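Readers should treat all values here as calculations from the given coordinates under stated rules, not as data from a laboratory. All values derive from a computational prediction rather than experimental measurement. Ideal geometry is used to build each Cβ from the backbone, glycine not excepted, and the neighbour counts take in all protein chains shown.
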Amino acid sequence: MRITGELHGNLVEIRDLTPLDVLPDQSSEWDAWDDDWLPDDEQPTHHRAVILVDGRIVGTMSWHAVLYGPTAGSRAWSIGLSLAPNDRGRGIGSRAQQLLSDHLLQTAHRVEASTDVDNHAEQRSLEKAGFTREGILRGAQYRADGRHHDLVMYARTRDTLAG
Ligand SMILES: CC(C)(COP(=O)(O)OP(=O)(O)OC[C@H]1O[C@@H](n2cnc3c(N)ncnc32)[C@H](O)[C@@H]1OP(=O)(O)O)[C@@H](O)C(=O)NCCC(=O)NCCS
């Protein structure tokens with residue numbers, strides 16, 4: 001998978017993560033994951049990609065299937081991403097989320113993304129990428145502070161694709 005788009009004169013590219021990729025430090029308060037959070041047979045398959053600007057890796061993206069019913073057409077994709085701190089706030093996140101959702105909407109009717117109610121940068125970034133705010137997922141995410149946090153759900157559907 002390789003997708004390229006323009007960002008203020010720079011080329012933003014998304015491509016599959018390879019074992020040879022050297023990833024930047026993306027440390028942030030949103031990135032604390034449990035290693036063994038679910039048994040292997042309950043783990044969703046996470047697809048992983050890198051985000052590059054003019055050939056330099058600036059962050060990573062992932063996506064997994066979410067099933068809303070027993071029919072093939074009920075499969076949605078849920079996406080997430082993280083950028084290196086120095087590469088935030090320049091429109092890269094919104095461009096990357098637009099490119100990836102454009103691509104995933106070829107194989108599903110819905111692409112969604114949820115983020116903490118306090119993560120205003122990601123909420124704005126999703127809106128710029130063409131996602132619509134749908135509502136609050138109460139207590140959906142358990143975090144390192146020992147509390148369940150509310151998330152905001154955003155989504156794009158296939159009818160928002162240009163052309
Ligand atoms: C969230 C993230 C992916 C967004 O990507 P980005 O390239 O930084 O975002 P963009 O530049 O596309 O858009 C950010 C928008 O939010 C705005 N913004 C940034 N911080 C903000 C804040 N604290 N409050 C309100 N708006 C904010 C910016 O002004 C910009 O809007 P504008 O272009 O209208 O001015 C990136 O910041 C990141 O990796 N953060 C850490 C990891 C993370 O939170 N991942 C998402 C987890 S669900």
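Data overview
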{"quantity": "Net charge of Cβ neighbours under 11 Å - reference ALA49; Lys, Arg +1; Asp, Glu -1", "calculated": "0"}
{"quantity": "Cα centre as origin, Lys/Arg/Asp/Glu Cβ charges: the stretch 1-145 dipole, Debye", "calculated": "700 debye"}
{"quantity": "Volume of the Cα convex hull of the chain, divided per residue and given in Å³", "calculated": "136 Å³"}
{"quantity": "Rounded to 5, percent antiparallel among DSSP beta bridges of the chain", "calculated": "95 percent"}
{"quantity": "Paired Rg and Dmax values of the stretch 68-163, which use every Cα atom, in angstrom", "calculated": "14.0, 46"}
{"quantity": "Radius 14 Å from Cβ of ALA140, net charge of other residues (Lys, Arg +1; Asp, Glu -1)", "calculated": "-2"}
{"quantity": "In Hz, Karplus ³J(HN,Hα) per residue of the stretch 104-110 (6.51, -1.76, 1.60; θ = phi - 60°; x = Gly, Pro)", "calculated": "5, 5, 6, 10, 7, 7, 9"}
{"quantity": "Cβ-placed point charges (K, R +1; D, E -1), dipole of the stretch 60-152 about Cα centre in debye, nearest 20", "calculated": "100 debye"}
{"quantity": "Distance from the stretch 132-161 to the stretch 64-92 (C-alpha centre basis), Å", "calculated": "11 Å"}
{"quantity": "Protection-proxy order for peptides 121-133, 92-104, each taking the mean of Cβ atoms within 10 Å per residue, highest first", "calculated": "92-104, 121-133"}
{"quantity": "Built amide H within the under 5 Å cut-off of VAL66, gap 5+", "calculated": "ALA76, TRP77, SER78"}
{"quantity": "FRET efficiency, SER62 to ASP150 (Cβ-Cβ, R0 25 Å, nearest 0.05)", "calculated": "0.70"}
{"quantity": "Per-residue ³J(HN,Hα) for the stretch 80-94, Karplus 6.51 cos²θ - 1.76 cosθ + 1.60, θ = phi - 60°, Hz, x for Gly and Pro", "calculated": "x, 7, 8, 10, 4, x, 5, 9, 8, x, 10, x, 5, x, 5"}
{"quantity": "HN-Hα J in Hz across the stretch 148-163 - Karplus 6.51, -1.76, 1.60, θ = phi - 60°, x for Gly and Pro", "calculated": "8, 10, 6, 10, 9, 9, 10, 8, 10, 10, 4, 5, 8, 5, 5, x"}
{"quantity": "Sum of side-chain charges, VAL111 neighbourhood, beta-carbon under 13 Å (Lys, Arg +1; Asp, Glu -1)", "calculated": "0"}
